[in-house]
Amino acid sequence: MQTETQIPKIFEDVQDFLPINGTDYIELYVGNAKQAAHYYQSAWGFQPLAYKGLETGSRDRVSYALRQGKITLVLTSPLQAGGPINEHINKHGDGVKVIALWVDDATYSWQATTQRGAESALEPQKLTDEHGEVIISGIKTYGETLHYFIERKNYHGAFLPGFKSWAPNYRPAEVGLQYVDHIVGNVGWGEMNKWVDFYAKVMGFTQLVSFDDKDISTEYTALMSKVMTNGNGRIKFPINEPAVGRKKSQIEEYIEFYNGAGVQHIAVATNNIIHTVSELKKRGVDFLYVPPTYYDTVLDRVGEIDEDLEELKQLGVLIDRDDEGYLLQLFTKPVLDRPTMFFEIIQRKGAQSFGKGNFKALFEAIEREQALRGTL
C-alpha cells in the first residue's frame, strides 16, 4: 500500500505494512475537562481548537481539543454517572486513553492489524459533517490504552465531526512545543517482550534500542526498556517493565497507583529548551530536581555544546550525546494527583537516542520524589 504523503523510510528493517504519517492526537480521560483544558492552556500554552458537549449534541461526554505545533490533546470527561469513562477514571485516575495515529487508510490499518492478531476496539466507521468525512478505527494495546487510526484526507473542519470550533478570548502564548517525540508505556512484570512482539508483529515496528537493568538502575531501583519505532521514525514507543531492586521502582509505583499498564510519559519536542522550560516554570509547571553537582563533569562526558551550561544548570536541563549528536531533556513531576503520568521536554541536536547517560541522575531524582511520597 502506498502512503499519500510518501514519508521516507529511515529504518530499513521495518516491515512497513502499516504506513503512519504521525501522531494525530492524544486523548486523556479526566475528571473535569473544563478545568484540565484551562491548565493546559495556562501552564503549557496549548491553544483552543475544538469542543464537543451538550451544545453540540453530545449527551454522554464533553471533550476539549487543544493544539500546539503538531501536538493535539483531547480532554474528555463524562456527563452522566456510570459508564466506561467513569470506570476508567475511577480505576486509573486521569490518564491517556487513546493514542490516535494519522493514516491514509483507516480501514486498511484496522484490517492489517486485526488480521495479525490485534483485538479490535472500534471497527472502521465514517464520521461526517458539513466539512467532510473522517474514517476512524481502533485496536487495543497494553492495559486499557487504545490506538485509533484516523483518516482525514477528505476533512476540512477544525478537528473531527461532532466537534465545533472553540475560540475563546483567553489564549495564553505558546511555549515552543512542536511535536510528539515519543510516548512511553509502563507494563507489568515480564510483559515488556510481549508488547515489543505486539508492535513488531501486529504493527510492523522494529526495535530501535534496548536498555536492561544494568543500564537503568540506581542503588535502590531498576527497570528494563525497549524502544519500538515505525519505518519513518515518527512514532516511537518505549515500553518499560520493572526489574528487581532493593526498593520499589517508579514503574511499580506507577502500576500500583494506575492499577495496571498505561502511558507513563509523553515526550514533547522543542527547538529551544531554555525558552520552553523557562516559560513552563514561570507558569507553575514543576520539574524534577537535578543537583548542581551533575554539571561539574557533564561536559567531560558529552563534549562541546552550543548552549550556555550555566543557563542549563539553572533550569536543571540534562545533556547526553550519541554518535549522531546530542540532546537536551528535562522531566516534569507527575502532572496529576496520582504519581502516574508526566511529561518530558526534549530538544534534539542530532541525537536519535533517549538520554542513556542521564538515567542514573534521572532515576535518583525520581527516587527523591518517591521518598517524599512514602512509596520508595
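General observations
- In segment 274-376, GluC sites (Glu not before Pro) in a DSSP loop with at most 14 other beta-carbon atoms within 10 Å: GLU304, GLU324
- Segment 22-165: relative contact order in percent, alpha carbon pairs under 8 Å with at least 6 residues between: 26 percent
- Highest-first packing order for the peptide set 27-38, 189-200, 92-103 is 92-103, 27-38, 189-200, based on the mean count of other beta carbon atoms within 10 Å.
- The equivalent ellipsoid of the chain has semi-axes of 32, 24, 22 Å, largest first, where each one is the square root of 5 times an eigenvalue of the Cα gyration tensor.
- Cα-based Rg / Dmax (Å) for segment 22-165: 14.9, 43
- Acute angle (nearest 10 degrees) that the helix 192-201 long axis makes with the longest principal axis of the chain, alpha-carbon atoms: 50 degrees
- Percent RCO, i.e. relative contact order, over the chain, from Cα pairs under 8 Å lying at least 6 residues apart: 16 percent
- Virtual spin-label span in nm between ASP197 and HIS275, 7 Å along Cα→Cβ: 4.7 nm
- Contour minus Cα-Cα distance for ASP308 and THR56 (0.36 nm per residue): 85.7 nm
- Within a straight-line Cα-Cα reach of under 19 Å, LYS194 can be paired with the following lysines, leaving aside sequence neighbours fewer than 8 residues apart in one chain: LYS140, LYS226, LYS236.
- For segment 177-373, the Stokes-Einstein estimate of translational diffusion at 4 °C and a viscosity of 1.567 mPa s comes to 75 µm²/s, using the Kirkwood hydrodynamic radius over alpha-carbon pairs.
- Here the simple spin-label model places points 7 Å from the Cα toward Cβ, and for LYS34 and GLN207 these points are separated by 4.9 nm.
- Between LEU160 and any residue 5 or more places off or on another chain, the built amide H atoms are never under 5 Å apart.
- FRET efficiency for LYS282 and ARG338, using Cβ-Cβ distance with R0 set to 22 Å, rounded to 0.05: 0.30
- Full extension of the chain between ARG116 and LEU79 gives 9.7 nm of extra length, using 0.36 nm per residue less the Cα-Cα distance.
- Placing unit charges on the Cβ atoms of the charged side chains and taking the dipole of segment 22-165 about its Cα centre, the candidate lying farthest along the positive direction among GLN125, SER109, TYR40 is TYR40.
- Taking label positions 7 Å along the Cα-Cβ direction at both LYS356 and GLU133, the computed distance is 4.8 nm, reported to one decimal.
- Taking segment 177-373 and dividing mean pair separation by its residue count, relative contact order in percent (alpha carbons under 8 Å, at least six apart): 23 percent
- For the chain, size of Cβ-based charge dipole, Lys and Arg +1, Asp and Glu -1, in debye: 860 debye
FYI, it's all coordinate maths here, none of it is from the lab. Please read these numbers as outputs of a predicted model, since none were measured by experiment. So basically every Cβ, Gly included, is an ideal-geometry build from the backbone, and we count neighbours across all protein chains shown.
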